[in-house]
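The structure appears right after this line, and notes come after that.
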Amino acid sequence: MELKTDRLFIREIAFNDWEGLQRIVIDFGNSIYRNYDMHFPVEEHAIQKLVIQLANSHLFFSVFLKGSSEMIGYVCFHNDSGQYDLGFCFHSAYFGKGYGYESCSALLNYMKQFCGAVGFTAGTALANTPSCKLLEKLGFVCRDTEELSFHKDEIGNDIIFRGGKFAYVSED
């Protein structure tokens, strides 16, 4: 599967994308939002193994600027009986340029047209304002909140944050 938008080229992740994914994961590890999500491995062998699993899911997509071989981000879905949970991450060098919206919008349309998606959900930390704004721009509405923890602090206490549970509200 390959999609082209005005500025982007999007396709299912392939094994040779492991270095691009590694670069994005390392960048995310330096983000102020790093504690609001589970971490991917960064070691070469582990990330290569992960990319094979992601490629076999057919629900993990690499995003590139048209004409470039450098992966700038990814968009992914988790299928839960026809409800697809949206996830995304972009290298910080590409924040604020509309690439998240452009790629997610194209993939939501693709999933509706070609994959039989009957609904979409997403979750993000409410403190992650850019992700919340992107979800809202895409047509998602925060329906509920929950306390979550994916990591522990230096002394072993859970790092707890408030997460938003978003649902896609179709314009149809």
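Here are a few things to note about the model shown:
- Residue check for MET38: on the phi < 0 side of the Ramachandran plot and touching a residue at least 40 places away in the same chain (Cβ under 8 Å): yes
- For PHE64: the one exception among (1) farther than 29 Å from LYS152 by Cα; (2) among the aromatic types (Phe, Trp, Tyr); (3) out of contact with any Phe, Trp or Tyr (no Cβ under 8 Å at 6 or more places or on another chain): (3)
- Qualifying positions in segment 44-72 - touching a helix residue (DSSP H, G or I) at 6+ places or on another chain (Cβ under 9 Å) and assigned to a loop (DSSP other than H, G, I, E, B): LEU59, SER69, GLU70
- Subset of segment 2-30 [closer than 14 Å to PHE64 by Cα and in a loop (DSSP other than H, G, I, E, B)]: THR5, ASP6, ARG7, ILE13, ALA14
- Residues of segment 96-113 that turn out to be over 15 Å from ILE72 (Cβ atoms) and in contact (Cβ under 8 Å) with a residue 12 or more places away in the chain, as a count: 4
- Residue selection: ALA106 satisfies the criterion of being among the aliphatic types (A, V, I, L, M), buried (at least 18 other Cβ atoms within 10 Å of the Cβ) and closer than 24 Å to HIS58 by Cβ.
- Selected residue [assigned to a strand (DSSP E or B) and at pLDDT 90 or above] from CYS142, CYS104: CYS142
- Criterion applied to ASN30, ASN79, ASN35 was being out of contact with any Pro (no Cβ under 7 Å at 6 or more places or on another chain), under 27 Å from VAL169 (Cα atoms) and modelled with pLDDT under 95, and the one residue passing it is ASN79.
- Put simply, of GLY139, GLY96, GLY67 the only residue that is small (Gly, Ala, Ser), surrounded by 13 or more Cβ atoms within 10 Å (Cβ to Cβ), over 20 Å from ALA55 (Cβ atoms) and over 12 Å from the mean Cα position of the chain (by Cα) is GLY139.
The values are calculated or read from the model by the stated rules, or taken from the named source; none is laboratory data. Treat the numbers as computed from the prediction; the structure is a model and nothing was measured. FYI the Cβ positions are ideal-geometry reconstructions off the backbone, even for glycines, and counts take in every protein chain you see.
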